[in-house]
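Encoded as structure tokens, the structure appears first; notes follow it.
All of the numbers you see were taken from the coordinates with simple rules; none came from a lab. Remember, it's a predicted structure, so these values are computed and weren't measured experimentally. Counting neighbours? That spans all protein chains shown, and the Cβs are built from the backbone with ideal geometry, glycine included.
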Amino acid sequence: MKVALDIPEEIARRLHDRWADLPKQALEALAIQAYRSEVLTSAEVGSLLGLASRWEVEDLLARSGVPLPYSEADFTEDLQRLRATS
């Protein structure tokens, strides 16, 4: 699906000055908001943006101020695994 945005010229120029690849920036913003709203999973964000790994998705989300889901149970499990390998 293609989506078109009508942006006033002055605003479009300022946005383009800030982000040379405005369509990519808009798609990233959409993907990030969809993730925040629990519409997309992190794997779907990666697929939509053509990111090669889970780590790239997590980096993008972290740079965008999106907290990654990591519960106390996740921490306990990670700690147990770490201790088992030490």
Exercise. Using a simple spin-label model with points 7 Å from Cα along the Cα→Cβ vector, what separation in nm is obtained for Ala73 and Ala4?
Worked result: 4.8
For this session: Using the Cα centre as the reference, give the magnitude of the dipole from point charges on the C-beta atoms of the chain (Lys, Arg: +1; Asp, Glu: -1; all else neutral), rounded to the nearest 20 debye.
Result: 120
For this session: Distance between Cα centroids, the range 44-86 to the range 22-42: provide it in whole Å.
Result: 17
Seminar exercise, completed: Between (i) 1.46; (ii) 1.03; (iii) 1.25, the structure-derived Cα Rg over 2.2 N^0.38 Å is (i)
Exercise. Expressed in nm to one decimal, what extension gain is obtained for the pair Arg81 and Arg36 from 0.36 nm per residue of sequence separation less their Cα-Cα distance?
Worked result: 13.3 nm
Problem set entry | Percentage relative contact order, the chain, counting C-alpha pairs under 8 Å, at least six apart | 15
Problem set entry | At R0 = 41 Å, FRET efficiency that the Cβ-Cβ distance of Arg13 and Ser47 yields, to 0.05 | 0.85
Seminar exercise, completed: Output for the range 17-77: GluC sites (Glu not before Pro) sitting in coil per DSSP, at most 12 other Cβ within 10 Å, listed by number, reads Glu38
